[in-house]
1. Determine the share of region 84-227's accessible area contributed by carbon and sulfur atoms, expressed in whole percent, with a 1.4 angstrom probe.
2. Which of the listed residues, V39, T365, V19, is farthest toward the dipole's positive end in the chain, when Lys, Arg count +1 and Asp, Glu count -1 at the beta-carbon?
3. Residues with amide H under 5 Å of D205's amide H, sequence separation 5 or more or different chain, H placed in the peptide plane at 1.01 Å from N; which?
4. Can you work out the Karplus-derived ³J(HN,Hα) for every residue in region 57-73? Use 6.51 cos²θ - 1.76 cosθ + 1.60 with θ = phi - 60°, whole Hz, and x for glycine or proline.
5. Out of all DSSP beta bridges in the chain, what portion is antiparallel? Express it as a percent rounded to 5.
6. Where does the chain land at 222 nm, in deg cm²/dmol rounded to the nearest 500, when only DSSP H runs of n ≥ 4 count, each adding -39500 (n - 2.57), divided by all residues?
7. Over the chain, what is the relative contact order in whole percent, taking alpha-carbon pairs under 8 Å and six or more residues apart?
8. Just to confirm the number: angle between the C-alpha axis of helix 243-252 and the first principal axis of the chain, 0 to 90 degrees, nearest 10?
Amino acid sequence: MDSNAIREACLQRFLRYVVINTQADPKSQSYPSTPGQHVLLDLLLEELKALGLQDAIKDEHGYVIATLPSNSDKQQVTTIGLMAHVDTSPETSGDGVKPIVHRNYDGGDLVLPDDPSAIIRAADNPELQGKAGEDIVTASGTTLLGADNKSGVAEIMTALEFLLAHPELKHGPVRIAFTPDEEIGAGTKFFDVEAFGASCAYTIDSSALGQLDAETFSANAMSVTFQGFNTHPGAAKGKLVNSMKVAGSFLAALPRDGLAPETTEDRQGFVHPITIEGGVEKSTIHFIIRDFVTAELETKQALLVELAQKAVAEWPGSSFSVSIKEQYRNMREILDQHPQVVENAREAIRRAGITLREEAVRGGTDGAQLSFRGLPTPNIFAGEHNYHSRFEWVSVQDMGKAVEVIVKLCAIWEEQGQ
């Protein structure tokens, strides 16, 4: 493989994609949630057709789907999927992204020119410290970059282009999917696993070089609503019960050490209040509950119920109710039933000459939801770092290696055909 040519091809695609504002909007009622996502999805559809993938479509929900046909001489080769999402985080502006390629990075701090106070400090970014001599892409200081997940999009497209240009490299059928609204938890909302027709898939959406994610948090959403009693404050003595004060007592009782995201790491779970709304009569606190062991979600939920009971006991006349919604589950529960799916990804990373890194993801992926819907889907590195922020960066060399891993992954599945 011509590594330089692959890297440059991938970079040029990436630079085209990141300037399109695809920031997702959690308040939108449309799907995809923003018009910019349609712009990139339409561009990808055109590019897939230009590569010769004649079955490429954009369905009524915005999913762009295509097939790289098998060129194998074997009769039975497993159909695999490659997936990436086009949207960017709502947390940081994606409007007016100006990507900057820092060629032959010198190993020092990266000052982003549109806001000189925005500095990607090498001392604060251990992964960056080993990238001297590589080409680093950042935004200009006022927006995110969009490497999450447009690096994965560019890597899949570049791998397709390379495989089509090299028919001597054998592969089975490969299904492609580019999806919207992953960043707001709706990436697989309308995805038709059965119609996709793959036996397994890989999202190209993890971080550091060599990283393979086959385990995620299990996750629930939980809301705790406190009911008070409102009356005119001028005649409130002995009558008024302020639900906000009950909620305040409840929040003050939450564990600070060991069950909060700011004090946990590695395989520790947490309870995390994310929003609060209400007034004197009623106040609701919304939580996310996370743990790698699904059964431990119930333990954490029971703790919140116990603390709510204590809070209402302190405020006579108040009451509370809870609602719980399943969000996603630890993909390892499914992937352990399909060991070859993960092992083939490991082998592809090894064949690319990369040190394999496996970590439990303190979050979720589209792959977690897809795995429980019958499509085992681990997550392979795309090279993205400091995602969701103005300090996002990606190495062009890492992107090139991701392309190589995708190509080798396709070859491995073909080798195992019959």
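1. Heavy-atom surface of region 84-227 belonging to carbon and sulfur, 1.4 Å probe: 48 percent.
2. About the Cα centre, the residue reaching furthest to the positive side is T365.
3. Here the answer is I380, A382, since their amide H atoms fall under 5 Å of that of D205.
4. Calculated HN-Hα couplings, in order: 9, 10, 7, 5, 9, x, 5, 9, 10, 8, 10, 8, x, 5, 10, 7, 7 Hz.
5. Once the DSSP bridges in the chain are tallied, antiparallel ones form about 75 percent.
6. Helices in the chain give a 222 nm mean residue ellipticity of -10000 deg cm²/dmol.
7. 24 percent
8. 60 degrees
The values are calculated or read from the model by the stated rules, or taken from the named source; none is laboratory data. Just so it is clear, the model here is predicted, and its values are computed rather than measured. Neighbour counts are summed over all protein chains in view; Cβ atoms, including those assigned to glycine, are modelled from backbone coordinates with ideal geometry. Side chains are part of the model used for accessible areas, which takes the heavy atoms of the whole protein and leaves out ligands, DNA and RNA. Shrake-Rupley method; radii C 1.70, N 1.55, O 1.52, S 1.80 Å.
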